[in-house]
Amino acid sequence: MIYGPKAAGVWPAGVSLVGTTGLTGAPGTNGTNGTNGTNGTDGTNGTNGTNGTNGYTILNGAIAPVAQGVNGDFYIDTLHNMIYGPKAAGVWPSGVRLVGPTGLTGAAGAAGATGAAGATGPSGPAGATGANGATGANGANGATGPSGATGPSGATGPSGATGPSGATGPSGATGPSGATGPSGAAGTSASATEGGGGTAIANGDANTIKYSIVNKTKVITINLPDKYEGQIADVEVKTSVLVKGKKVLRYVAINSVVLNKTATATFKTQIAIKAGNIIRVSIGGVTIKYITVK
């Protein structure tokens, strides 16, 4: 490229000094072939080469090598996984173990997918009876069942211990007088024969049971020795009762009363009492007095 002339301090655009490449010329005509040269003479045969060295063998057996093989051979003990060699100066070197020591346990693999359920196996023999479990909580009360048939009267239980005397309540207001009722039919008198109790009493102490009927009302009066003051007296009558279709004699409870300060008590009863019945008074399960009704 050539630049110039410079004018006003500025170089003009450059002009290439090399023209554009000309067009390719037409091919020239082929030259004439030259004449063939004459054949050369055969060369002489070369000399034979020297023999190569013998190759080496890898032997094997189920025991360590002793005299097998030649120098340069290798030997594999297939029973003990050992390799020996190369043999040198007619001697086998110490063997090298082909199997290394057991490697460390690898990491546990991922759990496999759950297999299909197997067929149900036969039932095993019955196991031994287990220990009794703890008592469970009480269940809710069930609905009340129908009333059963009336059972036979049980034997009279022993009297409970005497409770403390209650405080005296205030006197109630006097009620109005009731109308006079009609005169009742004349009542029949009843008497009784007294019998001895199971406890001895001092001479002069009161110890009686009275049974009477006043205006068709049955009244029993007890008067025991003063030492029984404040105690509970159980009053029973021995009478015929029906048990499983048969009549048997049993004591039936009439009342349990607290003896007052003079060891006495009087009360009414609706129990059927007939001649020949025995009225018994017990305290703490001990018979104190009895009478036979006439």
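The values are calculated or read from the model by the stated rules, or taken from the named source; none is laboratory data. This one's a predicted model, so the numbers in the text were calculated from it and none came from an experiment. Every residue, glycine as well, gets a Cβ built from its backbone with ideal geometry; the counts of neighbours run over all protein chains shown. The accessibility values were calculated without ligands, DNA or RNA, using every heavy atom of the protein model including side chains. Shrake-Rupley method; radii C 1.70, N 1.55, O 1.52, S 1.80 Å.
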Out-of-range pairs (alpha-carbon distance over 20 Å; input LYS216/LYS247; LYS227/LYS261; LYS238/LYS261; LYS216/LYS294; LYS218/LYS238; LYS210/LYS289): LYS216/LYS247; LYS238/LYS261
Placing +1 on the Cβ of each Lys and Arg and -1 on the Cβ of each Asp and Glu in region 200-294, which of VAL258, THR269, TYR228 has its Cα farthest towards the positive end of the resulting dipole? THR269
With LYS274 itself left out, Lys, Arg at +1 and Asp, Glu at -1 over residues whose Cβ is under 12 Å from its Cβ give +3
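What ranking, highest mean first, results for peptides 68-78, 102-112 when packing means the other Cβ atoms within 10 Å averaged over each residue?
Most protected by this proxy first, the peptides run 68-78, 102-112.
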If DNA, RNA and ligands are ignored and the probe is 1.4 Å, what is the ranking of GLU229, GLU236 by accessible area, most exposed first? GLU229, GLU236
Hey, rough spin-label estimate for THR221 and ALA88, points 7 angstrom out along Cα→Cβ, what's it come to in nanometres? 14.6 nm
Beta bridge orientation in region 49-160: antiparallel %, DSSP, nearest 5: 60 percent
Pull out the extension gain between TYR3 and VAL241, defined as 0.36 nm times the separation in residues minus the alpha carbon to alpha carbon distance; nm, one decimal. 69.7 nm
Where does each of 257-264, 24-31, 50-57 land if you order them by average Cβ count within 10 Å, highest first? 257-264, 50-57, 24-31
Reduced to Cα centres, the span from region 218-294 to region 70-90 in Å works out to 124 Å
Förster radius 35 Å - calculated FRET efficiency between ILE58 and ALA110 (Cβ-Cβ, nearest 0.05): 0.25
